[in-house]
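The values are calculated or read from the model by the stated rules, or taken from the named source; none is laboratory data. What you see is a predicted model; the values in this text were computed from it and never measured. Note: ideal-geometry Cβ built from the backbone for every residue, glycine included; neighbour counts use all protein chains shown. Surface accessibility is based on the protein's heavy atoms, side chains included, excluding ligands, DNA and RNA. Shrake-Rupley method; radii C 1.70, N 1.55, O 1.52, S 1.80 Å.
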Amino acid sequence: MNKHHKALELNKILDLLADCTSCADSREAALSLTPATELYDAQTLINQTDAAYVLLAKFGSPSFGAIKNVNSSLARAAAGGALTMRELLDVGEVLRVIRSLSEWRFSQPGAQSVLDVYFASLMPNRSLESSIFNSIVSEEEMADSASPELASIRRKIKSRAQAIREKLESMVRSSHYQKFLQDAIITQRNGRFVVPVKNEYRGEVAGLVHDTSGSGATVFVEPLAVVEANNDIRVLQGKEKEEIERILAELSAEVGDYAETTKNNYECLVELDLIFAKAQLAYKMKASVPILNTQGITVLNRARHPLLDPQKVVPTDISLGVDFDTLVITGPNTGGKTVSIKTLGLISLMAACGLMIPAADESRVCIYKDIFADIGDEQSIEQSLSTFSSHMVNIVDILSRCGERSLVLIDELGAGTDPVEGAALATAILERLFFSGAKTAATTHYAELKSYALQTPRVENACCEFDVKTLRPTYRLLIGVPGRSNAFAISERLGMDKELIERAKELVSSESTRFEDVVDKLEGTRLEMEEEKRRLESERRDLAEKTALADKKLKEADSVMERELDKARGEALRLSENAKRQAGALMIEVEKLRKELKEAKDPAELARRAKSAMKKGLSELDRSINPVTASVYDNEDYTLPRALKVGDTVFITEIGKEGTVDALPDKNGSVAVSTGLMRMRVDIKKLRLVEKQKKKPSATVSRAKGIESSLTASAENRCDLRGMTVDEALFTLDSFIDQMLLRNISEFTVIHGKGTGALRAAVQKHLKNCRFVKAFRLGVYGEGENGVTIVTLK
C-alpha cells in the first residue's frame, strides 16, 4: 500500500471493510482497494454504495452465503473432466446465491437502482442447481434419487444384506454354534459379513477367515452359507460405484456447458458483495454521502475520525479550498491537531474509494490526484516520535511530486531543529506548496507561522480549542483563530510559583506579548460570538416550532372548512334534485288535470280538485326546497278543537306566522288577530289554534284520500336520515335511540326515504340487532309508507 495512505491509516479502514464481506475474493478486493483519482470514477463508486445503502434500508441485507471461487473447477469441467461431489456442491452453492440474489432484487417493489445492471447480469440456472442438490447429499454421499438405476442397485444391496443378516442371526442364536462364538454378534470385515469365532474352534465353523483380533483369540469367519450372497453384494457395490461416477460425469458435463456464464456471474457476486460491504460499513459508522468535486474544495460538517471510539470522539468542522488553500493549525500537544489533519486526509481517501464518510450531510470532498502525508513512521494520534531528518526526507519527496490536484498533510512542520531555522524553513516550505497549487494542512508550534498565516492571502490560521480551567483539550478545530501554547496558564494551574511565571513572561519579547494579547482578544470575541450564535439559534428553533404549529392549525382549520363546504354543497345538491323531481311531478299532475278538464262533466268539482292538488304539490315542493318538518297547520281539513277565545295564540296559514286573537269571529267568520305591530282580520278557516304548552307543535301529517284522519307526532320523535351515508345514518340512529331512552319515549319514526332501498335495508338490519328495540314496521299509507320505519322501544 502507498506509504502516505498507510500513514493516514487507510489500511485499517480497509480491514474493517474486509470484515463486512462474505467471501475470500471480495475480502481480497476490499483489502486491495485503491482510491480513484478521477471524479467520474469516484462518483460512480459512491453512487453504487449509496444505492446499496438505500436497498439495505428498504429490504434488509441480501445473503451471499458461503460462496467459494469455483473457477478452477469450472475450467476442468469445461475441459471434460469429472468433478468431485465437494466441487459440485460448491458450484451448486454459487448457483443458489446467484438465484437468491436475483429473486431478492427483482421481487422487491421500488424505484430503479444503479446496481440493477449487476443484478440483471446474474443468470440463474435453477435446473442445474436442483440437479446438483437433489443428487448429492454431502461430499461423501450420493442420494438414492440421483438416478433410478442407483436407487435400484442400492435396494438390491439392502435386500442381499438383509438376507445375509437373517442367515447369520439364525446361526448366532443356534445352540450348536453359540459355544464356538466369542460373541453373539454379526460384524463386517473387508466389506463382508462375518461372525467372531473362538480361535480354538475355527475348524468347527466352515467358512473363510477374513481377520484375526489383536490378541489372536478371535478369528472373523465368513460362513460358507453367505459367501455367495456377499459376492453378490460386492458385485452390486461395484455397479453402484460405476453409476455414481456416471452421474458425476453427467453433472460435470452440465456444469462445463454453463462454465463461462457461471464465471461471469461469480464476478458479479464478488462486486456486489464488496458494494454491500461498503454500505454495511456506512451503517456501522453512521456515515453519509459526500458531495464530490475536483475544485480542491473540502467542507466537512461534524466530521469524526472513523477509527476512534464513537462514544468518545468529538465531531469537528474542517474546511479547505473555499476561502483559503493552506491551513496552519497551532496549539498545545494532545489537543487534537494530528487528529484533525488525519481526519481530513482519511475522509478524502475514503470518498475516493467509494466509501461513505463519517460526517454530517451536505459535506463536500475533493477528489485529489495525490494525497501526501508526513506524519512519521511512529506517529500516533497522541504524540509524534518522528525525527527532523525523517521529516525532511518525506517533505523533499512531496515537494518534487505535488501539484494542483494534490493534498499535502504535514505534522509538526519544521520541528526537531533550531526554532529560528525551523520556523524559516517551515515558512519557505508552505510558500513552495502554495505556489505549486497544492492544498495544504500543517500543524506547528511556531509563532512565526501564525504571523505568516495572518499576513498571507488564502492562508488561514486554525487551532484546537483547549480549556485552561480543566487543563483538557476539547478537540474542536477553530478555523480563523491562531492557537496558543497556554504554557504559562497550564504551569500556573499545575502549581508553579507565580514569581517564576512572571519572570518567564518578562523574558518573552514585547512583539510576542502583543501578538498573544491580540490572540486573547480574538479568543474572547469568538467566545462571545459563539454564545450569541447559540442564543440566536435557540430563538430561531423556537420561532420555527411556533411557525410550524401555527401552520398546522391553519391547515387543520382549512381542512375542517373544506369538509363543511363539501357537506353543504352535497346537501344543496340533494335539495336541488328533490325540488326538481317535485316540480316535474307537479307539472305532470297539472298536465293531467288540464286534459281531464277538457273531458270533465263537472268542471267546478274538477277545478276544486285541481286547486287542491296544485296546493298540495306546491307544499311538497316547498318542503323539498326548505326541509322543515311538516306542520299540522298544512291540513286543509283542519277543525278547531274548541271555540276561539280572546288571547288565544293562533297560527295564520296565509303568512306563516303566529298571532294573538284580539276579538271573536264576526258573522262573516273573520277574526281580529294581531301579529307583532300589525293588526288584521283573518278568515277563521285560515287560523290554527296553538296549544299554550306547545308553542310550535309539529307533527307528521298523513292524508288518506277519501278518509278524514290525521296523525300528529312531535318533531322530536322523528329521526331524519335522508342524504346520509349508511355509516353516518347508523351512527345518528344510535344517538337518537339513546335520546329516546333517556326521555322515556317508547315510539319514534325513522325517515330514510324510498330511493334505492339500500338505506332502508341497512336501518332495519341495524334495528333487528339492537337490544333496545322491541319491534319495528314500515309506515302505512298516511305515515310515509315505505319511506319511513316506525320503531317501538322496550
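Descriptive notes on the structure:
- Selected residue (criterion: farthest from LEU89 (Cα to Cα)) from residues of segment 200-230 that are of a type in the set (Asp, Glu) and either at pLDDT 85 or above or assigned to a helix (DSSP H, G or I) (or both): GLU200
- Pick from segment 49-62, criterion over 20 Å from ALA30 (Cα atoms) and among the aliphatic types (A, V, I, L, M), ranking: least open to solvent (accessible area, probe 1.4 Å): LEU55
- Of all residue pairs spaced 6 or more apart or on separate chains, those with beta-carbon atoms under 8 Å, a first member in segment 300-312 that is touching a residue at least 40 places away in the same chain (Cβ under 8 Å) and farther than 9 Å from THR343 by Cβ and a second member that is among the small types (Gly, Ala, Ser) and in a loop (DSSP other than H, G, I, E, B) are ASN301/ALA359; ASN301/ALA360; ASN301/SER363; ARG302/ALA359; ARG302/ALA360.
- Here LYS765, LYS774 are screened, and the one residue that is of a type outside the set (Asp, Glu), open to solvent by 50 Å² or more (accessible area, probe 1.4 Å), modelled with pLDDT of 80 or more and under 46 Å from the mean Cα position of the chain (by Cα) is LYS765.
- Residue match in segment 493-506 (condition: at pLDDT below 85, among the β-branched types (Val, Ile, Thr) and open to solvent by 40 Å² or more (accessible area, probe 1.4 Å)): no
- Among all positions in segment 147-161, there is no residue which is among the small types (Gly, Ala, Ser), within 37 Å of the chain's Cα centre (by Cα), over 30 Å from ARG202 (Cβ atoms) and part of a helix (DSSP H, G or I).
- All conditions but one from (1) modelled with pLDDT of 90 or more; (2) open to solvent by 10 Å² or more (accessible area, probe 1.4 Å); (3) not in a loop (DSSP other than H, G, I, E, B) apply to GLN295; the one that does not is (3).
- Selected residue (criterion: farthest from GLY753 (Cα to Cα)) from residues of segment 701-721 that are surrounded by 16 or more Cβ atoms within 10 Å (Cβ to Cβ) and at pLDDT 50 or above: ASN717
- Any pair with Cβ under 7 angstrom, 6 or more apart, that starts in segment 418-431 at a residue that is without any contact (Cβ under 8 Å) to a residue 24 or more places away in the chain and ends at one that is in a helix (DSSP H, G or I): ALA426/LEU449
- Evaluated against (1) under 21 Å from LYS263 (Cβ atoms); (2) under 25 Å from the mean Cα position of the chain (by Cα); (3) of a type outside the set (Asp, Glu); (4) buried (at least 16 other Cβ atoms within 10 Å of the Cβ), TRP104 falls short on exactly one condition, (1).
- Number of residues in segment 430-442 that are part of a helix (DSSP H, G or I) and surrounded by fewer than 21 Cβ atoms within 10 Å (Cβ to Cβ): the value is 4.
- In segment 24-83, the residue that is farthest from CYS353 (Cα to Cα) out of those that are among the aromatic types (Phe, Trp, Tyr) and at pLDDT 90 or above is TYR53.
Listed here are the residues, each with its yes/no results for (1) over 25 Å from CYS402 (Cβ atoms); (2) open to solvent by less than 50 Å² (accessible area, probe 1.4 Å); (3) among the charged types (D, E, K, R); (4) touching a strand residue (DSSP E or B) at 6+ places or on another chain (Cβ under 8 Å).
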| site | (1), (2), (3), (4) |
| --- | --- |
| MET1 | no, no, no, no |
| ASP15 | yes, no, yes, no |
| SER22 | yes, no, no, no |
| GLU28 | yes, no, yes, no |
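- Of all the numbered requirements in (1) in a helix (DSSP H, G or I); (2) of a type outside the set (D, E, K, R); (3) without any contact (Cβ under 8 Å) to a residue 60 or more places away in the chain, ALA184 misses one, and that requirement is (1).
- In segment 301-350, of all residues being of a type in the set (Val, Ile, Thr) and open to solvent by 10 Å² or more (accessible area, probe 1.4 Å), the one that is modelled with the lowest pLDDT corresponds to THR334.
- Test result for THR756, open to solvent by 60 Å² or more (accessible area, probe 1.4 Å), of a type in the set (Val, Ile, Thr) and either free of Cβ contacts under 8 Å to residues at least 60 places away in the same chain or in a helix (DSSP H, G or I) (or both): yes
- On inspection, VAL780 fails the criterion of being among the aliphatic types (A, V, I, L, M) and at pLDDT 80 or above.
- Residue match in segment 43-65 (condition: touching a strand residue (DSSP E or B) at 6+ places or on another chain (Cβ under 6 Å) and touching a residue at least 12 places away in the same chain (Cβ under 8 Å)): yes
- Residue in segment 176-188 that is surrounded by 16 or more Cβ atoms within 10 Å (Cβ to Cβ) and either of a type in the set (D, E, K, R) or out of contact with any helix residue (DSSP H, G or I) (no Cβ under 8 Å at 6 or more places or on another chain) (or both) present: yes
- Residue check for GLU267: open to solvent by less than 30 Å² (accessible area, probe 1.4 Å), in a helix (DSSP H, G or I) and at pLDDT below 95: no
- Answer residue from segment 63-89, given it is in a helix (DSSP H, G or I) and of a type in the set (D, E, K, R) and is surrounded by the most Cβ atoms within 10 Å (Cβ to Cβ) among those: GLU87
- Scanning segment 680-700 for residues that are among the hydroxyl-bearing types (Ser, Thr, Tyr), at pLDDT below 85 and open to solvent by 70 Å² or more (accessible area, probe 1.4 Å) turns up nothing.
- Unmet criterion (only one of (1) aliphatic (A, V, I, L, M); (2) within 60 Å of the chain's Cα centre (by Cα); (3) modelled with pLDDT of 85 or more; (4) loosely packed, with under 12 Cβ neighbours inside 10 Å) for VAL646: (2)
- Single residue of ILE233, ILE275 found to be touching a residue at least 12 places away in the same chain (Cβ under 8 Å), in a helix (DSSP H, G or I), of a type in the set (Val, Ile, Thr) and farther than 30 Å from ARG27 by Cβ: ILE233
- Hits in segment 735-753 (condition: in contact with a helix residue (DSSP H, G or I) (Cβ under 9 Å, 6 or more places away or on another chain) and open to solvent by 60 Å² or more (accessible area, probe 1.4 Å)): GLN739, ARG743, SER746, GLU747
- For PRO124: the one exception among (1) open to solvent by 20 Å² or more (accessible area, probe 1.4 Å); (2) farther than 30 Å from THR49 by Cβ; (3) part of a loop (DSSP other than H, G, I, E, B); (4) not polar (S, T, N, Q): (2)
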